[in-house]
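Structure record follows, encoded as structure tokens.
The values are calculated or read from the model by the stated rules, or taken from the named source; none is laboratory data. Fair warning: this is a prediction, and the values are worked out from it, not measured in the lab. Methodologically, a virtual Cβ is constructed for each residue, glycine included, from the backbone with ideal geometry; neighbour enumeration extends over all protein chains shown. To get the accessible areas, we keep the full protein, side chains included, count just its heavy atoms, and leave off ligands, DNA and RNA. Shrake-Rupley method; radii C 1.70, N 1.55, O 1.52, S 1.80 Å.
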Amino acid sequence: MKVLVVGASGMLGSAVVKVLRDRNHDALAPSSAELNITDPESVATVAQMKDVDWCINCAAYTAVDK
């Protein structure tokens, strides 16, 4: 199974990627420079180009005091 993990550089995302890879799944973990999650067309394009089966969103806004 091919899984796109958004927010893979964070604590949750990196743990999800590790679990997926440990279970022999193809976990795609693009950086924020490679995938702009605020642009729906960008996400759709990456998902289609990479032919992903699932997308897991682990991205979060971490400056909660703002």
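List of remarks:
- Calculated log₁₀ intensity ratio I(q)/I(0) where the Debye formula runs over C-alpha points of the stretch 1-59, q = 0.15, 0.17 Å⁻¹: -0.37, -0.48
- Residues 2, 50, 18 ordered from highest to lowest accessible area at a 1.4 Å probe: 18, 50, 2.
- Simple label model, 7 Å out from Cα along Cβ direction - residue 36 to residue 51, nm: 2.8
- Computed packing ranks the peptides 37-47, 19-29, 55-65, 4-14 as 4-14, 19-29, 37-47, 55-65, most packed first, by mean other Cβ atoms within 10 Å.
- Test item: Cα-centred dipole of the chain, Lys/Arg +1 and Asp/Glu -1 on Cβ, debye: 240
- Charge sum, other residues only, whose C-beta stays under 13 Å from residue 24's C-beta, Lys/Arg counted +1 and Asp/Glu -1: +2
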